[in-house]
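Any read-out appearing in this document is the output of simple, stated calculations on the displayed coordinates, not a laboratory observation. All values reported here derive from a predicted model rather than from experimental measurement. Here Cβ is always computed from backbone atoms with ideal geometry, including for glycine, and neighbour counts include all displayed protein chains.
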Amino acid sequence: MTVLFETLGPAIGRASWQGAALALLVGLLLWGAGDRLAPRWRFLLWGVVLLRLVCVVTPGSPWSPFNLVGTTAATGSHLELQTNRAPSILLPPGSPVSTERPLRPTELPAGDVDIPTTLRADAPVVSQSATSTPYVGRSGISMWSPMSWTTPLSLTRVLSLVWLAGCVVLSGKLLAAAVLLRRRLSACRPVTDARLLGLLEACGRRLGVRRLPPLLVTPVEISPYIVGTWNPRIVLPESLITEASNARLRHVLAHELAHLVRGDLWTNWLLLAARTVHWFNPAAWWVVREMQSEREAACDELAFTALEETDRSAYAATIVELAASLTPSVLAPGLIGLFSSNARLKARVVRLVRSPSVTPVGGPIAAGLLLGIALLGLTDAMPAARAQQPKPAASSADASSTPAEPDAPAKSNTLTEAGTHTEAGRCVDQVDRTSLAGITMRLYRASGRGSPIEEVASTVTDAQGRYKFTGLAPRRREDHFDYLDYVVMGFSDDRPIGRSFRHILRNEELVEVWMAREKSTIGGKVVDAEGRPIAGAQVIPYSLDGRPIPGLPIRTTFDKGELAGRFHFDDIPVYKAQDGSPWSQSLLVLHPDHPPTTVTVKGLPAELVVTLPTACLATGTVIDEVTGKPAAGALVTMRRLDAWGLETASTDNAGRYRLPVAEGRYNIYTQAKDRVSIALTERECQAGQTIEVPLTLIEGGFISGRVLNTATGAPVTKTDRGDAIALGLMGPSQPDGRAIHPARLALVDEAGRFTLRAAPGENFPYLVNTRGDRMAWDTQKQPAIVVKAGETTSYDMLVTPPVPEEEKLKEAQKIVDALPKTPAERAARIFVEFRKLRHTVDECELWCLLMRELVAIGPKAVPWICDELDQPQEDRAIRRLAFALRAIGDPRAVPALIRAIPRTLLPPSSDYGLLVADNELTEFMQKHDLDKGSRGHHFNFGRPVREVFGTLHALTKQDFDDLEVSGIHRSEDPRRQALQRRLFQRQATRWQTWWEANWRTFTEDEAYRSCRVEMEDTVLPPPLDPAALGKTARVVGEGSGYVASPAIETGNYAWHFYDLDTGYHRRWPAEFPAAEAALDSRQLADWAAENGIDLMCVTHRAADGTETFVLRGLGMTVQEITSRDARNLERSVAAGALPKGRPVEELLMHYDESAKRLVPNADGAFLFTTREGSVGLIQTTDRVTKTADLTGSFGAPAGVGFHKGVRFDLKAIMP
């Protein structure tokens, strides 16, 4: 131990000062580069410094800058590095060393086309030489020396002991943080909200996350964070889930998933290790802070890009808002929060929202810079003197093999396309992620949408498990028509077939082929909707773009006897998570008469029953209008509208296509090279039906123009990230359907020009990946671009650069300087300027300056502000006026604020976390906002209802459960609005009664004794008349996956009653008996009417004694409609009439027309009208009869849930 201290201490000291020198070099480099380097590259450059700090020994190199300092012959600074496949041991100097043994590429049949595939194995192979003499490396570390505690103390030992004590202290703090974290995690509960889980799934899909982490909620007001290196989980504070908008939640979830994609949970361990080992070195702390900042910036960029949003200020506002209301997360191993400190929040937000003033350098240049820094910084000085090593002796293994030439190409099958794209990755053991050498890797390609998958190349992995295929055409996965993609599979005699998985790490794609250690079986039967076996179905465990990979196992179901419809696999790989639990796998099932069906398998071995739905068969001929002939190779697309789904088929030589699809509504269109079509929209496809849909290809016309900067008039060619600007289109050839599906149809060239091919008629172009005048969500609100056949319509897309904050502040100050001097005129002019403002964020500097001037007038301004607040005001004005009254602090404002309560019932909006580029102005706004505590450089600006109630609380120190009101947003349904207005007026009345009894406590001015709240007539509008539905009526999805539970179910997620008018769900009242049979029907009806309850779950007992759960309506009118009518409800509503159905009494049970009886456990669709007049649709989807912890699961298995009951979906019909 003594020798270890005296030798390890100097090695760490040397690594520490060299790391500090390297940190200074990298810091200067990044300072000079500025915005030219993206955050992910800046993080990687700091990562080189981190590696130098963590690796206390590095190899010597003649080009190392540390040669300027040098070492002595006896005590060099580095150990011999060995990477032999055999167990590594340190060898004494002079041992024979073989420096290189490249692997031989696989020999394939002659005549194949070569693909330049690098197979070089650069790692040296070190011969093993037994010795009893302990080897002292050039760092002086003796690996086999015995411990000695009798050596006299030296300065080196003292310093080493001090260093060790520091390490122990920091390690103890990290351990304490880990214990605290574990305690907090134990208090978390899983999230079951379908809306939130859907947001997580959507973000994961955009970021390419294959296995989504569980989502937990914590009662602690702490920053959202992702935790768990081996078993990641995302933890959100309860306040965020209940108060944040969907956009805010998407920002948070995408950011936390970006950490997972980048592998930050792993690199965080290195950061903590470097800080612990080099605790005495300020440079190490600096490096850790810089890496944390760049890590967050990189995740911000990755999340923002994945979400495909263009309003960077909204994303930044999310970060600022949460930092204002939540405590930073602790620094602990295996944990990364949305923010761990507010110290650098302003820099992070400013960096996020501003546009770079320079063009970022390309990836190759940044990679070259990174490589150069790594070569310089991760090497050490050569020894001052060293005995000449003997010539390496070849081992017997080497003597028996013929080494291949370096960079020898692998042989491949025929490859007709050439290019510069490379498919490279690493083959690893799925359990421990160790590299696997000598594994055969085969490259497969999917071209277009209809051709078979083809094998194009083969090679073997090198000593580090790496493979590379070069000379390929670039992937075109985003091109719907000219699709091109690749997949690599691994093959070994002693393992199942390996699958490739693509990850995004540090904004770069990482490909790994996982080779499982175990294999298992999957068997089962394929049946139709009636339960009859289906023969000739292909069951496919390995596919690409919905097509089987050739040469890999496929089973075709049998057609005779007891084996009819059956299939069986013996060699399915078993993939396991770190905790040993099995990973889900998928099987693709294809049959020419049924829609493609994907089955998820959880746990092996497995015995399945796969039900193929009855198809609607769409057929037709595609004619090219230009040539008048059938179009071969045209792509036909059917995009489903009532659910997510898209199916494609290519036409044969006769122009015919055949496409089995699931029952539903579709947009149908076709396209080919230099051709478009006019889409057929809202086409109904019924199960069992065959429809003939002829389609026509046309030449169309063009929209051509430039993307221009509105400030300079110069063309814009690149996004802020350096990508080419992409454009999409909505119009006759590209209908948007139920939702917007941004499609990249054209790219801007170097001159800023673009050309879009479009069908004749009204078209709406939009920018896909940068913010401009026409975006996907608003382009149809702007004038259409009319395209004529064979003609080109010129149209320029505009991009307005953001105005720098400093410029905004200067312009705002000019307006303030021009204000009148007398208080009354000054206040009046400020009100005029307030009314001109239309943007809270973009005009923040101006209204904040005006706010400070208004507050500076003092109590004199209160009567004028109250008069202004009494006028009809929009959202932003109410916020500002309430903020000003709170800042002045005069209780005379209370009556006006009470009168304003009913007017705070407004459409959905958000609280803001805002920044201004002036420290004094920031301090003023922070002093008077509703958030107290550390908020960094931002301030909070709440929604009108929050600002008004917050000011009332501040002025009176009273609170009448106003939180119950502050979360309500105004509905678009008139009857729901009336119910909401009643609630807000009732709240205002409670405040008015209290104030008029206590006003003298706050003011002696008689003019403010009365509130005079205007009681608006809140009589409910007449019920919605289904016969009078107009074209403005629409169907709005309220949610899916709700579960109503019977009275016997208890627990956190057991909900017994639902209010279908407001969306509230409630538990079983304490005053009710738990036994359903003992419940008084009159008492229940009265209670439901008083509390607005419309739905509950009960246990139904059939005549034969069987029990099932059914829904019971309370005070509703209900009728059951067919599944087809439910699927086409939007069309019926748009047509002005609701479908007619079978009247239903209290119990919502399906009626089987053929059997003429009720089927309690069957699913059904029920139109309802509540006692308050709200109209909607309930669709029962499952009976939950088995309880299980579904934390982290997406799409609960049939019959399984957190609690027993009836699972249903809910839609509202609004006029």
Pull up all non-local amide H partners of Leu544: gap of 5 or more, or a different chain, and H-to-H distance under 5 Å with H placed in the peptide plane.
Ile549
Suppose the chain between Thr327 and Ile815 were pulled fully straight at 0.36 nm per residue; how much longer would it get relative to their current alpha carbon spacing?
171.9 nm
Where does each of 454-463, 255-264, 272-281 land if you order them by average Cβ count within 10 Å, highest first?
255-264, 454-463, 272-281
Using alpha carbon coordinates only, what is the Rg to Rh ratio of the range 519-611, with Rh defined as the Kirkwood radius?
0.97
By a straight-distance test (C-alpha under 24 Å), which lysines pair with Lys525 as possible cross-link partners, with residues fewer than eight away in the same chain excluded?
Lys560, Lys602
Of the DSSP beta bridges with both residues in the range 519-611, give the percent that are antiparallel, rounding to the nearest 5.
75
So for the pair Tyr1151, Ala202, with labels modelled 7 Å out along Cα→Cβ, what separation do we get in nm?
3.8
What FRET efficiency comes out for Ala1089 versus Ala1162 if R0 is 30 angstrom and r is the Cβ-Cβ distance? Round to the nearest 0.05.
0.50
For the range 641-647, take each phi angle, set θ = phi - 60°, evaluate the Karplus expression 6.51 cos²θ - 1.76 cosθ + 1.60, and give the result in whole Hz per residue in order, putting x for glycine and proline.
9, 8, 7, 6, x, 8, 10
Assuming 0.36 nm per residue, please report the length gained on full extension of the stretch Asp723 to Ala1188 beyond their Cα-Cα distance.
162.8 nm
Taking only the C-alpha atoms, wrap a convex hull around the range 190-306 and report its volume per residue in Å³ as a whole number.
106
Quick calc: nm separation of the 7 Å Cα→Cβ label points for Leu983 and Leu510 -> 4.7
Peptide ranges 585-592, 289-296 listed from the most packed, as the mean C-beta count within 10 angstrom indicates:
289-296, 585-592
Cross-link pairs Lys673/Lys1211; Lys629/Lys718; Lys673/Lys788; Lys781/Lys1140 - those with Cα-Cα distance over 30 Å
Lys673/Lys1211; Lys629/Lys718; Lys781/Lys1140
Across the range 1003-1013, in residue order, what do the Karplus-derived ³J(HN,Hα) couplings come to in whole Hz, using 6.51 cos²θ - 1.76 cosθ + 1.60 with θ = phi - 60° and x for Gly and Pro?
7, 9, 7, 4, 5, 10, 6, 10, 8, 6, 5
When a footprinting reagent is the concern and you count Cβ atoms within 10 Å, what order do Arg1124, Arg42 take, fewest first?
Arg1124, Arg42
For the range 417-515, go through all pairs of different Cα atoms, get the mean of 1/r, take its inverse, and jot down that Kirkwood value in Å.
14.0
Cut-off under 14 Å on the C-alpha distance; same-chain residues fewer than 8 positions from Lys576 excluded. Which aspartates and glutamates are left, in chain and number order?
Asp429, Asp432, Glu518
PRE zone check, label point 7 Å out along Cα-to-Cβ of Arg1124, amide N under 12 Å, scope the range 527-554, hits none
May I ask you to evaluate 6.51 cos²θ - 1.76 cosθ + 1.60, the Karplus curve with θ = phi - 60°, for each residue of the range 242-259 and list the ³J(HN,Hα) values in order in whole Hz, giving x for glycine and proline?
7, 10, 7, 6, 4, 4, 4, 5, 4, 4, 5, 5, 5, 5, 5, 5, 4, 4
Which of the lysines could a cross-linker span from Lys957 if the Cα-Cα distance has to be under 24 Å and same-chain partners fewer than 8 positions apart are dropped?
Lys860, Lys927, Lys932
Using a Förster distance of 25 Å, how high is the FRET efficiency between Ser1040 and Arg1101, based on the Cβ-Cβ distance and rounded to 0.05?
0.30
Sorted by chain and then number, the residues having a modelled amide H within less than 5 Å of the amide H of Gln873, at least 5 places away or on another chain, are none
Taking the Cα centre of each part, how many Å lie between the range 230-260 and the range 584-642?
35
Would you kindly calculate the translational diffusion coefficient of the range 255-339, applying Stokes-Einstein with the Kirkwood radius from alpha carbon pairs, for 10 °C and a viscosity of 1.306 mPa s, and quote it in µm² s⁻¹ without decimals?
114
For Asp773 and Ala954, FRET efficiency with R0 = 45 Å and r from the beta-carbon atoms, rounded to 0.05?
0.60
Applying a 10 Å radius around every beta-carbon, put 566-576, 44-54 in order of their mean neighbour count, most first.
44-54, 566-576
Counting only the backbone N, which residues of the range 260-275 are under 13 Å from the spot 7 Å out from the Cα of Thr229 toward its beta-carbon?
264-274
Amide H contacts of Asp931 (H built 1.01 Å from N, under 5 Å, at least 5 apart or other chain)
Asn940
Taking Rh as the Kirkwood radius computed over alpha-carbon pairs of the range 999-1152 and applying Stokes-Einstein at 20 °C with viscosity 1.002 mPa s, one gets a diffusion coefficient in µm² s⁻¹ of 111
